[in-house]
Amino acid sequence: MTPNRHNDSARQNTPDNDAVLDAVRDCVLAVGVRRTTMTDVARRAGLSRMTLYRRYPDVRSLVGDLMTREWIAVATGAIPGPRPGVGTRPRIVEGLVTGVAAFRAHPLFRKIVDVDPELLLPYVLDRRGASQEALLGLLADALAEGHADGSVRPAHTGRQARSVLLIVQSFALSLRTMTDEDDAELAPAAFLAELRTILERTLTP
């Protein structure tokens with residue numbers, strides 16, 4: 001859930017830029033977004049402030065690219081690859097449930113929720129961000145495979161992907177408002193099992 005904006009391709013997917021984003025991550029985990037400065041990031045990345053400003057206008061844009069990198073890594077790491085005799089739907093469902101658990105446990109997500117939760121509000125209430133667009137693309141591709149092999153209920157692929165993301169996003173962002181650690185039936189693991197059931201039922205032909 002990051003800003004839906006054009007990213008300068010020159011700064012994407014390079015070891016040098018990864019070092020900058022690693023520096024941002026370290027700063028945010030240490031003090032939060034609001035207390036992170038461009039000076040802090042430049043120092044940790046071993047760059048001058050002017051070099052950093054030539055790439056990014058402010059800390060928010062740095063954090064946007066960082067969130068995109070981290071959330072997409074969670075998503076792509078969650079869905080297992082094709083397995084003989086296993087349809088696409090089980091892989092999608094398992095990957096989404098695993099992804100929600102991984103996302104909620106991610107140190108960057110936990111820090112933002114605890115210290116700077118207002119960063120997430122625009123992407124829940126007003127607009128889609130770059131990471132959401134990327135997730136929709138991954139979902140649409142997986143659902144299309146499921147349509148082709150018959151394991152996923154036929155539907156408009158884009159609408160189905162957006163609907164599934166709405167379900168998954170609500171569990172990822174709001175689950176702790178519904179859980180009760182003192183009741184095993186209302187613990188996070190029980191809700192993740194419920195998410196698995198919801199996804200199976202909505203995607204089964």
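The values are calculated or read from the model by the stated rules, or taken from the named source; none is laboratory data. Just so we're clear, the structure is a prediction, and the values are computed from it rather than from any experiment. Note that we place each Cβ from the backbone using ideal geometry, even for glycine, and neighbour counts take in every protein chain shown.
Select from segment 18-37 the residues that are aliphatic (A, V, I, L, M) and without any contact (Cβ under 8 Å) to a residue 24 or more places away in the chain and list them in ascending order. Write out each step before concluding.
First pass over segment 18-37, keeping only residues aliphatic (A, V, I, L, M): 19-21, 23-24, 28-31, 33.
Passing the criteria: ALA23, ALA30, VAL31.
Checking ASN13 against (1) within 20 Å of the chain's Cα centre (by Cα); (2) modelled with pLDDT of 95 or more, which test does it fail?
So the condition that ASN13 fails would be (2).
Looking only at residues in segment 16-33 that are more than 14 Å from ARG43 (Cβ to Cβ) and not hydrophobic (A, V, I, L, M, F, W, C), which one is modelled with the highest pLDDT?
Across segment 16-33, the extreme among qualifying residues is ARG25.
Can you say whether ALA142 is of a type in the set (A, V, I, L, M), surrounded by fewer than 15 Cβ atoms within 10 Å (Cβ to Cβ) and assigned to a helix (DSSP H, G or I), as far as the supplied structure shows? Reasoning before the result, please.
Details: of a type in the set (A, V, I, L, M): yes; surrounded by fewer than 15 Cβ atoms within 10 Å (Cβ to Cβ): no; assigned to a helix (DSSP H, G or I): yes.
Answer is no for this residue.
Go through segment 101-155 residue by residue and tally those that are at pLDDT 90 or above and aromatic (Phe, Trp, Tyr).
Qualifying residue count, segment 101-155: 2.
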